[in-house]
Amino acid sequence: MDVVRAELTEELAQASRALRRGNRSDRRIHDIRKRLKNCRALLRMLRKSLGEDAYRRENARLRDAARPLTPVRNAGAGA
């Protein structure tokens, strides 16, 4: 589980760094969304050790963090 936690920490750090950069290119938005999806997958792997309440809380935070990026992605895709 320590390896999964370390990977989750690194993915979150990289997503955070990408968000802080000024460039909001389609590629950058795609990368951030992909990283946040990966974080949610890693979190699912930790679900049992975290407990249900902590899992649901953190999963919602990650989901809500990615949500504002959806319109940006859709605009870039011409949707």
With the 1.4 Å probe rolled over protein heavy atoms, the chain has an accessible area per residue in Å² of 69 Å²
Using a probe of 1.4 angstrom, how much of the accessible area of the chain is carbon and sulfur, in percent?
-> 51 percent
Which of Asn38, Asn23, Asn59 moves most in a GNM of the chain, Cα contacts under 10 Å?
-> Asn23
Taking Cα atoms, how many degrees apart are the long axis of helix 26-45 and the longest axis of the chain, rounded to 10 and kept between 0 and 90?
-> 10 degrees
From the coordinates shown, Rg and Dmax of the Cα atoms in Å corresponds to which of (1) 11.7, 34; (2) 13.5, 41; (3) 12.9, 42 = (2)
What percent does the relative contact order of the chain come to when contacts are Cα pairs within less than 8 Å and at least six residues apart?
-> 35 percent
Relative to the chain, whose Cα atoms define the longest principal axis, helix 2-20 and its Cα axis are tilted in degrees, nearest 10, by 20 degrees
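The values are calculated or read from the model by the stated rules, or taken from the named source; none is laboratory data. On a predicted model such as this, the values are computed, not experimentally measured, just so you know. Each accessible area value is taken on the protein alone, full model and side chains, heavy atoms only, with ligands, DNA and RNA left out. Shrake-Rupley method; radii C 1.70, N 1.55, O 1.52, S 1.80 Å.
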